[in-house]
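First the structure, in the form of structure tokens, and then the observations on it.
The values are calculated or read from the model by the stated rules, or taken from the named source; none is laboratory data. Only a predicted model underlies this, so the values are computations on that prediction, with no experimental measurement involved. So basically every Cβ, Gly included, is an ideal-geometry build from the backbone, and we count neighbours across all protein chains shown.
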Amino acid sequence: MNYLLQGAKHKLISGLREKGIFDENVLSAFEKVDRHKFIESCLWRKAYEDRPLKIKCGQTISQPFTVAFQTQLLQIQKGDKVLEIGTGSGYQAAILSAMGAKVYSVERFEELFIDTSKFLEEIDHKIFTFFGDGFNGIPQFAPYDKIIVTCGAPNIPLPLLEQLKITGMMVIPVGENTQKMIRVLKTSKNDFIEEMFGNFIFVPMLKNTETI
């Protein structure tokens, strides 16, 4: 990485600290993972700005603060099995993997799935990608220690709650235009505790009718 991008990354990480990101494991992952590699080269000069950027299929790579905030809420421990709904660029999955998580990620857009899966295979063998409907999760590898949803869901999908292990956590933005960030703690098979952590804006979580 050239010195301009490196300097911009350090400035971003300092900014995340100032905005309340205190988990050193999260901040260390941001140091390890180069955000500019997950976007088109024409956008590299904006890569370490704290803002979302456009990627293929009308989607975005989330604002770094949002990535850090969701990740911090998950309280990732090394060895956690994590389900991610919405692979997108692969940046969030790479952050989780850099923290020692084993990541299973599902993407509904075929073009994004193909491109991002190929890229992630080149940089990280601890991330497993799947093409499908995020509302259904990936039941064959359940239960998961943690689940993260990186798109705005109209509600909390029941299949995701079922795939979360007891004592596991899910972080999911819920709402139509503006989403409430919700953390769900599963305390028994049918019991959950919900906490809310402010408003965010995500691209919508959509059902997938395509197959490959």
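Suppose the filter is surrounded by fewer than 18 Cβ atoms within 10 Å (Cβ to Cβ), at pLDDT below 95 and under 20 Å from the mean Cα position of the chain (by Cα); does residue 57 pass it? Reasoning before the result, please.
Numbers: surrounded by fewer than 18 Cβ atoms within 10 Å (Cβ to Cβ): yes; at pLDDT below 95: yes; under 20 Å from the mean Cα position of the chain (by Cα): yes.
Judged against the criteria, residue 57 is a match.
Can you name every residue in region 180-198 that is in contact (Cβ under 8 Å) with a residue 24 or more places away in the chain and surrounded by fewer than 15 Cβ atoms within 10 Å (Cβ to Cβ)? Walk me through how you get there before you give the answer.
Applying the first criterion (in contact (Cβ under 8 Å) with a residue 24 or more places away in the chain) to region 180-198 yields 181-184, 186, 192, 197.
Scanning region 180-198 gives a single hit, 192.
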**OP:** Among what's in region 27-49 and is outside any helix (DSSP H, G or I) and of a type outside the set (Asp, Glu), pick the residue that is nearest to residue 89 (Cα to Cα).
**Re:** 39
**OP:** Could you identify the single residue in 172, 193 that is among the aliphatic types (A, V, I, L, M) and either closer than 22 Å to residue 97 by Cα or in a helix (DSSP H, G or I) (or both)?
**Re:** 172
Original post:
Out of all the residues in region 118-137, which are touching a Gly at 6+ places or on another chain (Cβ under 8 Å) and surrounded by fewer than 20 Cβ atoms within 10 Å (Cβ to Cβ)?
Top reply: 119
Subject >> Every pair of residues 6+ apart whose Cβ atoms lie under 9 Å, when the first sits in region 126-144 and is assigned to a loop (DSSP other than H, G, I, E, B) while the second is of a type in the set (Ser, Thr, Tyr) and at pLDDT below 95 >> reply: 132/211; 133/209
**OP:** Output the number of the condition that residue 163 fails; it satisfies all remaining conditions of (1) under 19 Å from residue 96 (Cβ atoms); (2) touching a residue at least 40 places away in the same chain (Cβ under 8 Å); (3) under 16 Å from the mean Cα position of the chain (by Cα); (4) buried (at least 20 other Cβ atoms within 10 Å of the Cβ).
**Re:** (3)
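Residue-wise test of (1) among the acidic types (Asp, Glu); (2) in contact (Cβ under 8 Å) with a residue 40 or more places away in the chain; (3) in contact with a helix residue (DSSP H, G or I) (Cβ under 7 Å, 6 or more places away or on another chain).
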{"residue": "77", "(1), (2), (3)": "no, yes, no"}
{"residue": "84", "(1), (2), (3)": "yes, yes, yes"}
{"residue": "92", "(1), (2), (3)": "no, yes, yes"}
{"residue": "102", "(1), (2), (3)": "no, no, no"}
{"residue": "109", "(1), (2), (3)": "no, yes, yes"}
{"residue": "114", "(1), (2), (3)": "no, no, no"}
{"residue": "121", "(1), (2), (3)": "yes, no, no"}
**OP:** Return only the number of the condition from (1) assigned to a strand (DSSP E or B); (2) in contact with a Gly (Cβ under 6 Å, 6 or more places away or on another chain) that residue 104 does not satisfy.
**Re:** (2)
Original post:
If a residue has to be surrounded by fewer than 19 Cβ atoms within 10 Å (Cβ to Cβ), of a type outside the set (D, E, K, R) and touching a residue at least 60 places away in the same chain (Cβ under 8 Å) to count, how many in region 2-54 make the cut?
Top reply: 2
